[in-house]
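The values are calculated or read from the model by the stated rules, or taken from the named source; none is laboratory data. Given the structure is predicted, the values throughout are model-derived calculations rather than measurements. Here the Cβ positions follow ideal geometry from the backbone for every residue, glycine too, while neighbour counts run over all protein chains shown. Just so you know, the surface numbers come from the protein's heavy atoms only, side chains and all, with ligands and any DNA or RNA stripped out. Shrake-Rupley method; radii C 1.70, N 1.55, O 1.52, S 1.80 Å.
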Amino acid sequence: MPAGIGTLFLVSTPIGNLEDMPPRAVRILAEADLVAAEDTRRTGILMQHFGIRNRLESYHDYNKERTGPRLIQRLLNGESIAVVSDAGTPGISDPAFNLVRSAAENRIPVVPIPGPTAAIAALSVSGLPTDRFVFEGFLPAKKGRRTRLGELTKESRTLILYESPHRLIRTLQDLLETLGDRPASVSRELTKKFEETVRGRISELIAFFSGRRILGEFVLIIHGHLDREQKS
Ligand code: SAM
């Protein structure tokens with residue numbers, strides 16, 4: 001076992017296309033003492049694809065209270081841990097955040113291995129202003145949804161939202177109702193076979209997706225609050 005305190009590596013992985021795997025991520029996944037994954041089966045397949053053999057343990061929303069302190073203890077004992085989420089950058093709308101916070105509180109070094117994240121990929125192709133933006137993650141499904149939407153009405157920065165396929169239309173309708181018919185874009189299945197980005201007013205996006213089978217993973221990008229001058 002290595003001497004001193006260990007390092008927590010936040011290892012980014014592809015959001016679809018395996019060619020987007022950062023080479024440094026491959027090395028860290030192989031060299032760490034342990035890989036903590038949101039879904040060990042999925043990460044196991046990824047590691048196998050890249051010929052990586054290492055110890056895998058699960059760290060997800062349902063066991064983070066129990067597993068988090070154990071992982072912190074191992075780091076304090078000198079082990080290095082690579083944390084991986086299902087896809088993209090760990091900690092961005094997934095449970096790695098809690099582990100990072102505990103590591104920081106314990107003065108454990110936390111090192112990012114940067115790579116893909118769906119939010120930034122979608123923003124970059126949206127055609128909407130990218131100089132100032134706000135990442136909102138998933139809107140609450142029920143409790144607090146209206147309040148959160150209300151808070152966004154005067155937000156002038158570009159909004160980035162994650163959404164599941166079965167709530168896409170409802171969320172677009174709620175956004176139309178609260179924010180008005182703003183320019184927006186919807187990116188689906190980024191880096192994958194059925195990748196597409198649809199741009200238009202929110203009402204046009206609703207018309208586009210209504211009546212279709214809505215499948216895949218989605219990011220919504222919405223123009224920030226437009227003042228009177230910008231609207232005309
Ligand atoms: N940590 C991830 C990241 O860095 O993007 C996000 C994890 S979050 C639990 C999963 C959500 O990210 C999906 O529901 C979807 O909104 C978005 N997402 C992930 N992969 C995507 C892709 N290939 N295309 C579009 N959206 C994607």
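Taken over region 53-76, the residue count meeting the criterion of being of a type in the set (D, E) and in contact (Cβ under 8 Å) with a residue 24 or more places away in the chain is 1. Please find, within region 135-170, the residue that is nearest to the ligand (Cβ to nearest atom) out of those that are assigned to a strand (DSSP E or B) and either of a type in the set (S, T, Y) or open to solvent by 20 Å² or more (accessible area, probe 1.4 Å) (or both). Ranking the qualifying residues of region 135-170, first place goes to Y162. Checking each residue in region 103-118 for being of a type outside the set (V, I, T), open to solvent by 30 Å² or more (accessible area, probe 1.4 Å), more than 13 Å from the ligand (Cβ to nearest atom) and in contact with a strand residue (DSSP E or B) (Cβ under 9 Å, 6 or more places away or on another chain) picks out A104, P109.
Matching residues to (1) touching a residue at least 60 places away in the same chain (Cβ under 8 Å); (2) within 13 Å of the ligand (Cβ to nearest atom):
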| site | (1), (2) |
| --- | --- |
| R27 | no, no |
| A32 | no, no |
| G78 | yes, no |
| L99 | yes, no |
| A122 | yes, yes |
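Of the residues in region 177-219, how many are out of contact with any Leu (no Cβ under 9 Å at 6 or more places or on another chain), under 21 Å from E151 (Cα atoms) and in contact (Cβ under 8 Å) with a residue 24 or more places away in the chain? Number satisfying all stated conditions: 0.
The condition of being in contact with a strand residue (DSSP E or B) (Cβ under 6 Å, 6 or more places away or on another chain), outside any strand (DSSP E or B) and within 19 Å of V219 (Cβ to Cβ) holds for A122. Of the residues making up region 42-77, those that are open to solvent by 80 Å² or more (accessible area, probe 1.4 Å) and basic (K, R) are R42, R53, R55, R66, R70.
Before we move on, is D39 surrounded by 15 or more Cβ atoms within 10 Å (Cβ to Cβ), in contact (Cβ under 8 Å) with a residue 40 or more places away in the chain and farther than 15 Å from T117 by Cβ? Yes. The condition (being over 18 Å from G127 (Cα atoms), within 18 Å of the chain's Cα centre (by Cα), surrounded by 14 or more Cβ atoms within 10 Å (Cβ to Cβ) and among the small types (G, A, S)) is satisfied by just one residue among G180, G216: G216. Being open to solvent by less than 90 Å² (accessible area, probe 1.4 Å) and in a loop (DSSP other than H, G, I, E, B) is a property that does not hold for I206.
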